[in-house]
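Encoded as structure tokens, the structure appears first; notes follow it.
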Amino acid sequence: MAPKITVIGTGYLGATHAAAMAELGFEVLGLDVDAEKIARLSRGETPMYEPGLQELLRRHVEGIEGASGRLRFTRDWAEAADFGDIHFVCVNTPQKQGEYACDMSYVNAAMDSLAKELRRPALVVGKSTVPVGSAERIAARIAALAPAGDGVELAWNPEFLREGFAVADTLHPDRIVVGVRSAHAEKLLREVYATPVAEGSPFIVTDFPTAELVKTAANSFLATKISFINAMAEICEASGGDVVKLAEAIGHDERIGRKFLRAGIGFGGGCLPKDIRAFMARAGELGADQALTFLREIDSVNMRRRGRMVEMARDAVGDSFLGTRVAVLGAAFKPDSDDVRDSPALNVAGQIHLQGAQVTVYDPKGMDNARRVFPTLGYAPSALDAVRGADVVLHLTEWSEFRDLDPEELGAAAGRRILLDGRNALDAARWRAAGWTVRAMGRPQP
Ligand code: UGA
């Protein structure tokens, strides 16, 4: 019989993982402590915008017409413990208030609540991003708490999904990494991932610390790549070079590669920024802080880009924002997501607003979340409305909708035709042809 699966925590990671497991043919029970989230998921509605996820949920959530019925949700720990052979723990590990370290309270609480109810053999699989050393500590804690004792085992299986591509990344992962302590745990996880492995996804078996580190190392590398190209953008700005051409040219070297070399206002979101900080904090605890001091520089380069964008906007409107109108296109931390956590776009919009400009934001999906975080900004129902009467237009999240805008139409609505491209994603020649002055980050002005 195929193992039955529970997924603990139904945010971006958990909701997607639960739906994907049902798609792979397993019986799945999702658990969350948030009643509203459970109610929405049980109706086949996603708690966030993620392309393809709603459809996947509707294909499997029990009670929805035509659905397989393999997926349902609960808030009851005993029910989940009783149901599952394998429990995937997918709860959030945000940055601690006022500290670099990550907040493990949700993981600890979830592991404890589950362990106390485990009366039959089970494999608990951690998927949350945690500081190295956590799995070993949690394994001891579960062993002490679970009524089933030795019958319960822990494994660590980091997740590499990207928001905006979460469904495809989960169903067709580019690698599967499992930190295990027994052949039994490996066998169970091979069974879970048999379909993607048969399609060619590499299956890498490691110990606990390596599995935990693979995740933080991968995100640190990605952050480093982005800050590297943004540092080159600073040099280009100082020397008259063009960072977009530079990235294209170095990217042809296969050892460097073209991906993640898009210069602009830098990285944000719920992962990269907090993961590099938590990694530095953990290295400090291990007495290995020197190994990661470079990440402090990666973080600084990244945060500097936001400040640079504010400066460019101030220059564009004169030397003060007072009494000016600024249009901001984009609020989400990246396109195809409604996530505004540590969003560079919203951060820039907020800074400009605090310096006295009247800022109007438009984002295709991130408006509700942005309004919640920054209620004092102005919000418009479309890009055209945001731009109306603006002294300068800032393009800060590269939604495809913005690439398709008509510069003529926007030009007629804008107060002045000045565009700052914070993502190097718009066709500057097209905008210039419509009479716009275009400035982009790390690129010379013609
Ligand atoms: C990131 C990783 O890419 C995933 O592999 C990982 O699983 C995930 O974190 C996680 O830890 O859960 P995500 O946060 O969805 O995924 O976003 P990315 O696609 O990595 O983008 C992060 C930020 O970097 C965005 O703000 C994006 O605009 C920015 N970025 C990306 C650039 O500024 N330039 C680039 O060239 C690429």
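The values are calculated or read from the model by the stated rules, or taken from the named source; none is laboratory data. Here the structure is a predicted model, which means the values were calculated and not measured. All Cβ positions, even for glycine, are placed from backbone atoms using ideal geometry, and neighbour counts span all protein chains on display. Just so you know, the surface numbers come from the protein's heavy atoms only, side chains and all, with ligands and any DNA or RNA stripped out. Shrake-Rupley method; radii C 1.70, N 1.55, O 1.52, S 1.80 Å.
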Check: Could you sort Asp406, Asp112 by accessible area so the largest value comes first, with the probe set to 1.4 Å?
Finding: Asp406, Asp112
Check: Which FRET efficiency value, to the nearest 0.05, is calculated for Asp242 and Arg372 with the Förster distance at 45 angstrom and r the Cβ-Cβ distance?
Finding: 0.75
Margin query: Contact order normalised by length for region 5-206, with contacts defined as Cα pairs under 8 Å and 6 or more residues apart; what percent is it?
Written below: 18
Margin query: Let me check something: with ligands and nucleic acids excluded, how do Glu65, Glu234 order by accessible area (1.4 Å probe), largest to smallest?
Written below: Glu65, Glu234
Checklist line | Charge dipole magnitude, Cβ of K and R +1, D and E -1 - region 289-446, Cα centre, debye nearest 20 | finding: 360
Notebook entry, point to check: By average Cβ neighbour count within 10 Å, what is the ranking of 393-401, 194-202 from highest down?
Noted result: 393-401, 194-202
Checklist line | Calculated from backbone phi, Karplus (6.51, -1.76, 1.60) coupling profile of region 172-178 in Hz, x at Gly/Pro | finding: 10, x, 6, 6, 10, 10, 10
Note to self: Multiplying the sequence separation of Ala288 and Glu65 by 0.36 nm and subtracting their Cα-Cα distance, what value in nm do you get?
What the structure shows: 74.8 nm
Checklist line | Contour minus Cα-Cα distance for Arg181 and Ala194 (0.36 nm per residue) | finding: 2.7 nm
Margin query: With a 10 Å cut-off between alpha carbons and a GNM built on the chain, which of Thr216, Thr293, Thr360 moves the most?
Written below: Thr293
Margin query: Tell me which DSSP H helices of the chain clear both cut-offs, 27 Å or more of axial length from alpha-carbon atoms and a mean Kyte-Doolittle hydropathy of at least -1.0.
Written below: 208-239, 293-317
Checklist line | For region 5-206: rounded, prolate or oblate by the Cα gyration tensor [a/c cutoff 1.5] | finding: rounded
Notebook entry, point to check: For the chain, modelled as a Gaussian network with Cα springs under 10 Å, which listed residue fluctuates most, Ala349, Ala39, Ala370?
Noted result: Ala39
Next item on the list: Please arrange Glu248, Glu186 by accessible surface area, largest first, computed with a 1.4 Å probe and ligands excluded.
Entry: Glu248, Glu186
Next item on the list: Starting from the Cα gyration tensor of the chain, take the square roots of the eigenvalues, sort them a ≥ b ≥ c, and report rounded, prolate or oblate (rounded when a/c is under 1.5, otherwise prolate if a/b is larger than b/c, else oblate).
Entry: prolate
Check: Cβ under 10 Å from Ala2's Cβ, Ala2 left aside: what net charge do those residues give with Lys, Arg +1 and Asp, Glu -1?
Finding: -2
Notebook entry, point to check: Within the chain, what is the longest stretch that has no trypsin sites (Lys or Arg not before Pro) placed in a DSSP loop and near at most 10 other beta-carbon atoms within 10 Å?
Noted result: 1-254
Next item on the list: Count the net charge of all other residues whose Cβ sits under 11 Å from the Cβ of Ser201, scoring Lys and Arg as +1 and Asp and Glu as -1.
Entry: -2
Note to self: I'd like to know which of Gly330, Ala425, Gly318 lies farthest towards the positive end of the charge dipole of region 289-446, counting +1 on Cβ of Lys and Arg and -1 on Cβ of Asp and Glu.
What the structure shows: Gly318
Notebook entry, point to check: So what's the gap between the Cα centers of region 359-438 and region 35-54, to the nearest angstrom?
Noted result: 30
Notebook entry, point to check: Short version: ³J(HN,Hα) in whole Hz for each residue of region 393-400, in order, from phi by Karplus 6.51 cos²θ - 1.76 cosθ + 1.60 (θ = phi - 60°), x for Gly and Pro, what are they?
Noted result: 10, 10, 9, 10, 9, 7, 5, 5
Next item on the list: Grab the beta carbon distance between Arg141 and Glu55, set R0 = 35 Å, and tell me the FRET efficiency rounded to 0.05.
Entry: 0.40
Checklist line | Dipole in debye (nearest 20) - region 288-332, about Cα centre, beta carbon charges: Lys, Arg +1; Asp, Glu -1 | finding: 160
Next item on the list: Report the calculated FRET efficiency for Asp112 and Ala217 (r = Cβ-Cβ distance, R0 = 35 Å), to the nearest 0.05.
Entry: 0.80
Check: For the chain, with every protein chain kept in place, what is the accessible area per residue (1.4 Å probe, Å²)?
Finding: 43
Notebook entry, point to check: What net charge is computed for the residues neighbouring Met312, neighbours being all others with C-beta under 15 Å from the C-beta of Met312, Lys and Arg scored +1, Asp and Glu -1?
Noted result: +2
Note to self: Using a 7 Å offset from the Cα along the Cα-to-Cβ direction at both Ala434 and Glu79, what is the distance between the two label points in nm, to one decimal?
What the structure shows: 5.2
Note to self: How big is the dipole moment of the chain about its Cα centre under a simple scheme where the beta carbon of each Lys and Arg is +1, that of each Asp and Glu is -1, and everything else is neutral? Debye, nearest 20, please.
What the structure shows: 600
Next item on the list: May I ask for the Rg/Rh ratio of region 305-440, computed from Cα atoms with Rh as the Kirkwood radius, given to two decimals?
Entry: 0.92
Check: What is the set of long-range amide H partners of Phe73 at a cut-off below 5 Å, with H atoms built 1.01 Å from backbone N?
Finding: Gly30
Checklist line | Contact order normalised by residue count of the chain, Cα under 8 Å, 6+ apart, percent | finding: 11
Next item on the list: Identify the residues of region 389-406 with backbone N under 17 Å of a label point that sits 7 angstrom from the Cα of Gln445 along the Cα-to-Cβ direction, or state none.
Entry: 391-395
Checklist line | Amide H contacts under 5 Å for Gly264, placed H, 5+ residues apart | finding: none
